[in-house]
Amino acid sequence: MSEYSVYRNIMSLTLNYCDNMLNKIKKILNARTDKKLEQMKRKIVLSSLTKDNIWFYSQMKSGTTYTINFLINYFTLHKNKVHDFSELKSKLNFFHSTHQLIKSVSPSKIINEQESILKGYDFSLIVHTHENIIDYSKKRILMTRNPLDYIVSSYFFHYKNRGSHKSINQLWKKIANLYIENHNAQMKILNEQPKTTKLIQYETLINNPEETFYDLLCFLNVKVVNELLTESIELSSKKAVKKMESLEGKAIIASSEKFTGKSFIRSGKVGDWKEHVDDKLSEEILDYLELNGIKTDMFSYH
């Protein structure tokens with residue numbers, strides 16, 4: 001074979017290799033583009049659903065399920081309906097994590113399911129997200145939690161109880177970055193629209209649920225009946241959730257096959273971080289948060 005033929009074969013192989021690589025890159029880019037388009041469409045739908053309704057924007061593991069359960073229970077009892085655990089679980093699925101729900105359920109289905117409970121109030125829909133969206137709501141509920149408990153709770157929920165062998169020391173910054181993004185977005189919303197925004201801190205909710213939920217109902221312009229308030233809190237308690245999970249045979253919300261925890265609720269207590277984070281790491285975390293614009297002294301850690 002001549003030197004020219006060898007050269008030509010090498011060039012041909014090289015060009016074929018380049019073509020194959022380019023095709024692979026195009027597929028990856030198209031996949032990424034498709035994913036981004038889906039994310040954009042999802043956020044547009046979410047934003048449109050907030051129009052003249054309630055936007056519930058919460059940090060993960062900050063009392064979201066407790067609060068949504070309370071609202072469903074209160075609205076149900078307020079209409080003189082008999083409480084039913086199976087119905088509560090069914091309705092919870094249509095109030096919790098709307099940003100995930102619309103991937104598999106039509107907006108009209110969500111609206112219809114919520115309407116049976118919310119009909120007669122000043123709003124027809126509660127749109128819940130763990131992420132920031134364009135907001136057209138009439139009112140917004142923000143939920144947050146002290147960052148140390150948030151990091152520990154998120155570590156167990158997203159990693160430890162899903163089979164990860166990485167330590168909290170290895171993962172805290174990744175968890176903290178998501179917290180920072182949502183916290184700063186929440187504070188911006190609160191500062192820009194203070195009269196129509198309700199901020200609920202997890203620590204206040206756990207230590208004084210009666211006053212916290214009373215204020216929330218007043219904020220939503222819902223008539224407060226003290227007996228129903230007390231009963232709804234009891235029906236939404238940790239004990240009630242565990243009973244619901246016992247009937248279902250699995251953890252509520254976190255029902256993924258990868259989730260190995262027996263219950264959605266692991267601890268729930270304020271200050272649980274002390275059992276998992278030493279003083280040196282807690283100081284490092286708080287310093288990192290301060291550098292990223294978070295006033296860490298706004299929270300209770302005990």
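The values are calculated or read from the model by the stated rules, or taken from the named source; none is laboratory data. Because the structure is predicted, anything quoted here is derived from the model rather than measured. Cβ atoms come from the backbone with ideal geometry, glycine included; neighbour counts cover every protein chain shown. Note: accessible area is taken over every heavy atom of the protein model, side chains too, but ligands, DNA and RNA are not part of it. Shrake-Rupley method; radii C 1.70, N 1.55, O 1.52, S 1.80 Å.
Every residue in the range 121-140 that is in contact with a His (Cβ under 9 Å, 6 or more places away or on another chain) and aliphatic (A, V, I, L, M), please.
Those that are in contact with a His (Cβ under 9 Å, 6 or more places away or on another chain) and aliphatic (A, V, I, L, M): Val127, Ile133.
Give the number of residues within the range 188-208 that are open to solvent by less than 20 Å² (accessible area, probe 1.4 Å) and closer than 24 Å to Gly271 by Cβ.
Here the count works out to 4.
Can you tell me which residue within the range 65-91, out of those that are at pLDDT 70 or above and part of a loop (DSSP other than H, G, I, E, B), is nearest to the chain's Cα centre (by Cα)?
If we take residues in the range 65-91 being at pLDDT 70 or above and part of a loop (DSSP other than H, G, I, E, B), then Lys79 is nearest to the chain's Cα centre (by Cα).
Which residues, taken from the range 206-235, are in a helix (DSSP H, G or I), aliphatic (A, V, I, L, M) and out of contact with any strand residue (DSSP E or B) (no Cβ under 8 Å at 6 or more places or on another chain)?
Ile206, Leu217, Leu228, Leu229, Ile233, Leu235, listed by residue number.
Determine whether the range 170-187 contains at least one residue that is under 28 Å from Lys223 (Cα atoms), among the basic types (Lys, Arg) and either surrounded by 14 or more Cβ atoms within 10 Å (Cβ to Cβ) or touching a His at 6+ places or on another chain (Cβ under 9 Å) (or both).
So far as the range 170-187 goes, no, none of its residues is under 28 Å from Lys223 (Cα atoms), among the basic types (Lys, Arg) and either surrounded by 14 or more Cβ atoms within 10 Å (Cβ to Cβ) or touching a His at 6+ places or on another chain (Cβ under 9 Å) (or both).
Every residue in the range 212-242 that is β-branched (Val, Ile, Thr) and either under 23 Å from Phe123 (Cα atoms) or surrounded by 15 or more Cβ atoms within 10 Å (Cβ to Cβ) (or both), please.
Quick first cut of the range 212-242, residues β-branched (Val, Ile, Thr) only: 212, 222, 224-225, 230, 233, 241.
Of everything in the range 212-242, those that are β-branched (Val, Ile, Thr) and either under 23 Å from Phe123 (Cα atoms) or surrounded by 15 or more Cβ atoms within 10 Å (Cβ to Cβ) (or both) turn out to be Thr212, Val222, Val224, Val225, Ile233, Val241.
Go over the candidates Lys269, Lys295 one by one and state the one that is farther than 30 Å from Leu88 by Cα and either open to solvent by less than 100 Å² (accessible area, probe 1.4 Å) or at pLDDT 95 or above (or both).
Only one candidate passes the filter, namely Lys295.
Might you let me know whether the range 150-160 holds any residue that is closer than 23 Å to Gly271 by Cα, surrounded by fewer than 20 Cβ atoms within 10 Å (Cβ to Cβ), in contact with a Lys or Arg (Cβ under 9 Å, 6 or more places away or on another chain) and of a type in the set (Ser, Thr, Tyr)?
Yes; the residues of the range 150-160 include at least one that is closer than 23 Å to Gly271 by Cα, surrounded by fewer than 20 Cβ atoms within 10 Å (Cβ to Cβ), in contact with a Lys or Arg (Cβ under 9 Å, 6 or more places away or on another chain) and of a type in the set (Ser, Thr, Tyr).
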